[in-house]
Amino acid sequence: MSYLKLILKNPFRNKTRGLLAIVGIAIGIMVIVALGMVTGGLKASTTSTLKAGAAEISVVQTGSGNYGSGRIDESRVTDLLNISGVKETAGTLRATNTSTSGSSTADVSGSSTGTGTTDTSSGQGSFGGFSVTGMDPDKLSLAGIEDVDGALYSNESTNEVIIGKTTSTNLDKNVGDTINLFGKDFTITGIYETGNFMTDAGAFMSLSTLQNLTNNDNQVSSIAVKIDENANATEVSEAIETAYPNELSTTTAASMASRMNTALNTIDTANWAISLLAIIIGGVGVVNTMVMSVFERTREIGVLKAVGWKEKRILGMILGESVVLTLIAAVVGTVVAVIGVVALLSVYFSGTIEPSFALDIFIRAFVVAFVVGIIGGLYPAYRAARLSPTEALRYE
Amino acid sequence: MNNGVEGDKNMDTEENIIEIRNLKKSYDDGKIKALNGLDLEVKKGEFLSIMGPSGSGKSTLLNMIGALDVADEGKIKVAGIDLTKASKLNEFRSKEIGFVFQMHNLIPNLTVLENVEIPMYESDLSTDQMKERALKLLKSVNLEDKRDQIPTKLSGGERQRVAIARALVNHPSIILADEPTGALDSKTGDVILKLLRDLHEKENVTLVMVTHEPYVGKMADRIVNVLDGKIQN
Ligand SMILES: Nc1ncnc2c1ncn2[C@@H]1O[C@H](COP(=O)(O)OP(=O)(O)O)[C@@H](O)[C@H]1O
Ligand SMILES: [Mg+2]
């Protein structure tokens with residue numbers, strides 16, 4: 001029998017203890033992998049918000065805040081074109097359709113945020129409804145919508161809508177189907193996909209139709225601004241705010257993204273802190289398990305010494321057993337995390353956030369497990385290796 | 001035993017596989033003098049039986065010969081190696097010594113065959129060669145058919161036979177047996193004693209055995225008595 005097989009045989013001599021140790025470490029590994037998959041998924045969806053064709057600046061009513069319910073007079077959409085550096089503008093009205101089945105009351109929440117392009121914060125998804133944006137169909141590229149499977153709605157239409165890929169999947173609706181929004185039946189003319197998880201979980205229709213439906217005539221909730229190629233987004237933003245003090249506030253897509261990144265970096269740091277905690281807790285568990293195991297096998301270790309085993313070989317055996325435990329835990333923790341995250345995201349986020357399967361998440365989990373195995377096994381292994389053979393053999 | 005063909009003045013030292021002079025070992029800060037100036041010589045190929053009351057230092061003596069522990073004082077040379085100066089004691093034990101203890105000390109989660117293979121991990125043998133050698137030894141103790149059994153399923157005598165196979169597997173020059181029949185009934189003990197004697201003759205290995213069995217005198221080449229950490233004359 002090979003030395004490796006011998007090492008593999010030992011961790012399960014006491015099945016309960018071996019399993020408990022594995023569960024303890026597996027929980028830590030599971031947390032590491034799960035957090036990695038979720039934050040990785042969030043990161044991927046924020047980077048995709050910075051699209052070439054999309055608007056760089058989002059203009060809202062001053063004081064309404066990012067999540068506010070501000071309103072801007074629609075005339076500003078054309079007014080802003082006069083500001084130097086502004087290439088294109090699009091008025092956007094956003095409302096939340098709370099009843100996706102559409103049979104009962106259609107409540108306009110009034111909550112509207114940024115533009116369709118840069119908004120990553122309102123987090124509606126399928127929680128109690130989804131966000132409907134009213135926008136000129138010619139301007140959809142400013143919202144990051146480049147092409148549509150099917151056809152766009154026309155500007156004059158009052159009963160046409162396009163829906164995001166995620167909405168389509170969630171509601172099981174396709175081109176040609178009818179969808180009830182704000183108490184009115186709409187025909188789905190197309191399905192779009194932008195890669196932004198928020199945008200893809202919404203729907204777009206003609207601005208005037210949404211204005212009528214939600215009693216917001218001549219009003220928009222935000223204006224998407226596309227700037228000239230050689231213009232500077234920050235400078236143009238400042239120019240807009242200077243031109244309309246106390247009326248308009250701006251957010252650039254870049255600053256939005258960087259704010260998002262800061263948030264994600266915080267989560268990353270937390271992820272590492274939790275990993276460290278998992279290492280410490282798991283490590284203590286491994287030390288405990290292996291110390292018990294060595295203690296119980298004192299006589300046996302005396303025999304190994306009597307038959308001529310080197311200290312190094314005894315050390316290697318105990319360390320090996322410890323690493324076997326933690327690596328099994330890594331496999332168990334990873335499998336549970338993958339299944340759990342995929343299930344949870346699809347149930348609670350209906351696929352709006354795609355979990356990340358980046359290799360480094362899994363490498364990190366296994367490196368952590370390996371390190372815990374080595375660190376946790378070191379002390380018991382050293383003790384076993386240094387046992388006095390006569391004392392060990394006298395041990396009852 | 002006299003096989004010294006080139007017998008001359010050096011004959012004595014060449015023939016003595018164990019040479020012990022004035023060996024001392026104490027425990028508990030000198031309160032317990034387990035060995036108290038012990039002298040002993042054992043010839044190569046000899047079957048020596050050690051007797052003596054409990055606590056007289058017999059096990060301590062065997063542990064010194066097998067380099068499981070180091071003496072406080074005195075001289076001990078085994079198989080040509082000065083154990084007071086040797087550094088790689090594990091290598092010495094692996095190559096020269098085979099231990100048989102009162103308790104079989106088999107590893108409970110390993111099969112009989114795997115237990116016999118244990119001492120060979122420090123050798124250069126491949127796993128196939130290890131297996132082959134272990135099977136050969138199991139045959140010589142008549143346990144081939146139990147090779148895949150777990151030790152707990154064996155009788156006391158069978159376990160001790162496995163331990164004997166394990167002790168012989170590395171071709172040691174000395175077998176050190178510390179009350180190998182102490183935990184067995186007299187009939188089984190008799191079988192184990194005879195097996196050890198036969199293997200000692202067949203493999204031409206020196207056998208040093210601590211035992212209380214009175215009839216061992218008929219088998220051993222020589223019997224010494226230990227009392228208070230010394231050989232009695
Ligand atoms: N590791 C040890 N620590 C303390 N005392 C020991 C140790 N080993 C042996 N002794 C003591 O040394 C004496 C001789 O022991 P031992 O050699 O085992 O005797 P025997 O084998 O003849 O019964 C006893 O008094 C025993 O208690
Ligand atoms: Mg004894």
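Values computed for the structure shown
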item: Formal net charge of residues neighbouring B:L38 (Cβ-Cβ distance under 13 Å; K, R +1; D, E -1); result: +1
item: Inter-chain shielding of B:107-114 (mean C-beta neighbours from other protein chains, 10 Å cut-off); result: 4
item: Value at 222 nm in deg cm²/dmol, rounded to 500, when DSSP H runs of n ≥ 4 in chain A each add -39,500 (n - 2.57); result: -16500 deg cm²/dmol
item: Entries in A:K305/B:K31; B:K43/B:K202; B:K139/B:K218; B:K43/B:K218 that, when Cα-Cα distance is taken, lie over 23 Å; result: A:K305/B:K31; B:K139/B:K218
item: Beta bridges per DSSP with both ends in the stretch A:147-214, % antiparallel, nearest 5; result: 65 percent
item: Inter-label distance for A:N288 and A:K312, nm, one decimal - labels placed 7 Å from Cα along Cα-to-Cβ; result: 3.4 nm
item: Cα-based shape type of the stretch A:169-229, given that a ≥ b ≥ c are square roots of the gyration tensor eigenvalues and the cut on a/c is 1.5; result: oblate
item: Measure of compaction for the protein assembly as shown (Cα Rg per 2.2 N^0.38 Å); result: 1.62
item: A:E229/A:F295 FRET efficiency (R0 56 Å; Cβ-Cβ; nearest 0.05); result: 0.15
item: Folded to 0 to 90 degrees: helix A:233-243 orientation relative to chain A principal axis, Cα; result: 40 degrees
item: Percent of Cα pairs exceeding the 18 Å cut-off, where the set is the stretch A:300-396; result: 61 percent
item: Beta bridges by DSSP in the protein assembly as shown, antiparallel share as percent, to the nearest 5; result: 65 percent
item: Within 10 Å of each Cβ in B:116-124, the average number of Cβ atoms from other chains; result: 4
item: Folded to 0 to 90 degrees: helix A:15-47 orientation relative to chain A principal axis, Cα; result: 30 degrees
item: Peptide-level mean, for B:97-103, of C-beta atoms on other protein chains within 10 Å; result: 3
item: A:L8/B:V191 FRET efficiency (R0 35 Å; Cβ-Cβ; nearest 0.05); result: 0.45
item: Inter-probe distance in nm under a simple model that places probes 7 Å from Cα toward Cβ, at A:L277 and B:Y215; result: 7.1 nm
item: Residue order, fewest to most beta carbons within 10 Å, for A:D268, A:D185; result: A:D185, A:D268
item: Rounded Å value of the spacing that divides the Cα centres of the stretch B:144-204 and the stretch A:161-221; result: 85 Å
item: R0 of 51 Å, Cβ-Cβ distance A:R386-A:Y348: FRET efficiency to nearest 0.05; result: 0.45
item: Sum of side-chain charges, B:I20 neighbourhood, beta-carbon under 10 Å (Lys, Arg +1; Asp, Glu -1); result: 0
item: Among beta bridges that DSSP assigns inside the stretch B:87-233, antiparallel share in %, nearest 5; result: 25 percent
item: Estimated 222 nm signal from helices in chain B, with DSSP H stretches of n ≥ 4 weighted -39500 (n - 2.57), rounded to 500; result: -9000 deg cm²/dmol
item: Neighbourhood charge, 12 Å Cβ-Cβ cut-off, centred on B:G182 and excluding it, Lys, Arg +1 and Asp, Glu -1; result: -3
item: Helix A:253-296 vs. chain A, principal-axis angle (Cα, 0 to 90°, nearest 10); result: 20 degrees
item: Of B:K58/B:K95; B:K75/B:K230; B:K58/B:K85; B:K25/B:K58, pairs whose Cα-Cα distance is over 18 Å; result: B:K58/B:K95; B:K58/B:K85
item: Cα-Cα separations in the stretch B:63-211 greater than 18 Å, expressed as whole percent; result: 57 percent
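None of the figures in this text is laboratory data; all of them are computed from the coordinates on show. This structure is a prediction, so every number in the text was calculated from the model and none was measured. Neighbour counts are summed over all protein chains in view; Cβ atoms, including those assigned to glycine, are modelled from backbone coordinates with ideal geometry.
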